[in-house]
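Working notes for the structure below.
The values are calculated or read from the model by the stated rules, or taken from the named source; none is laboratory data. As the structure is a prediction and not an experimental result, all values here were calculated from the model. Here the Cβ positions follow ideal geometry from the backbone for every residue, glycine too, while neighbour counts run over all protein chains shown.
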Amino acid sequence: MKLIVELWGDIQNLSIGEIRGIFEGEEIPYKIIIEDYPIILLEAENGKFLQRAGLIRRVSQHLYSGRDIPRLNLYMEDYVIRVRRREKNIGPKNIERIRAKGIEGSVDLKNPKNVIRVYIASNIHVGLEIFEVKSEEFEKRKAKNLPISYPITMHPRLARAMVNLARVKEGSKIIDPFCGTGSILIEAGLMGMQIYGSDIDLRMIDASEINLRKFGLKAHLKVSDVGGIEGKYDAVVTDPPYGRSSSTKGESIYSLYERAFKKFSEITEKVVIALPDKRAINIGEKYFHLREVYPIRVHKSLTRYFSYYQK
């Protein structure tokens, strides 16, 4: 089946990386046919697992891609046409009116049963919506809406994308050794993973437990330095301290990363981690193969490198 996937935001590379991670983690064959922001066109036998993505808006069954406005020749009850342009003035005008000539049936603008999605980018892409990833669900989990949060709390969409980059199936055993207020654990838990967390700061463990409880989740939590982690896990997914505003108990962050990666190499085959610079990335390469890295600008003075390592 050909699918049109509408991406969220403007972090295209990480969005596509997350999609690859979902399919590869679930071992579902797929092929990306076209990348034409704000969509990608792909082929896969099953797209349902994309519902767990953090960086997409919706998925549609592909109907058409090309430069001309097609005559769709469809019969459809209670439909509406929604158009998204990559840029404000790109593409033909009044496309909704023109395209409706190729559809027989009834229009319902308020409560449509069928939504035809039209994307105007380098080409015109048309699809019949299958599902939407609700933005309001992520809004509920943003830092400002958690019982306890700190400025370092990660955006839930990015936290979810990190879990998906790890190529894990539902039910996998995930650990965040720098769990903070629990953002990554919340997203992993809502996707049906077994979740484990540790942090050297008791306040963070308490915060994680309270935040997880709000969403009906329970994790195996422990106050521990990263060097004290025990057990085996399907993946480490973590956002460790990266600057003087984060607690490292006086240890340099590079010393901490060295100890962390050494420990990770003993407990897992896969690591997804947010890092501050190339020096930190190189430390990870002593213990794992660096498979992917995505630079994401958090604000003017801070870029995080979302990195996927595998043994």
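Brief remarks on what is shown
- Selection count, the range 1-15, where residues are out of contact with any helix residue (DSSP H, G or I) (no Cβ under 9 Å at 6 or more places or on another chain) and under 17 Å from S60 (Cβ atoms): 4
- Condition met for A121 (modelled with pLDDT under 95, at negative phi, among the small types (G, A, S) and in the same structural domain as D206 (by TED's automatic domain parsing)): no
- Here Y242 does not qualify as within 22 Å of the chain's Cα centre (by Cα), assigned to a strand (DSSP E or B) and in the same structural domain as P177 (by TED's automatic domain parsing).
- Residue among I253, I184 that is modelled with pLDDT under 95 and surrounded by 16 or more Cβ atoms within 10 Å (Cβ to Cβ): I253
- The set of residues in the range 281-311 that are modelled with pLDDT of 95 or more, over 17 Å from E258 (Cβ atoms) and of a type in the set (A, V, I, L, M) contains only V293.
- Scanning the range 189-239 for residues that are charged (D, E, K, R) and not in a loop (DSSP other than H, G, I, E, B) yields D199, R203, D206, E209, R213, K214, K222.
- In this entry, E27 passes the filter for residues that are surrounded by fewer than 16 Cβ atoms within 10 Å (Cβ to Cβ) and of a type in the set (D, E, K, R).
- Condition check for E258: surrounded by fewer than 20 Cβ atoms within 10 Å (Cβ to Cβ), outside the structural domain of E18 (by TED's automatic domain parsing) and either in contact with a Pro (Cβ under 7 Å, 6 or more places away or on another chain) or farther than 25 Å from I296 by Cα (or both): no
- Subset of the range 37-54 (residues that are outside any loop (DSSP other than H, G, I, E, B) and under 17 Å from L14 (Cβ atoms)): I39, I40, L42, L50, R52
- Test: residue in the range 132-145 that is in a strand (DSSP E or B), out of contact with any Asp or Glu (no Cβ under 8 Å at 6 or more places or on another chain) and not β-branched (V, I, T): yes
- Scanning the range 72-103 for residues that are part of a strand (DSSP E or B), surrounded by fewer than 13 Cβ atoms within 10 Å (Cβ to Cβ) and out of contact with any Gly (no Cβ under 8 Å at 6 or more places or on another chain) turns up nothing.
- Residues located in the range 150-178, provided they are in a loop (DSSP other than H, G, I, E, B), touching a residue at least 60 places away in the same chain (Cβ under 8 Å) and small (G, A, S): A166, S172
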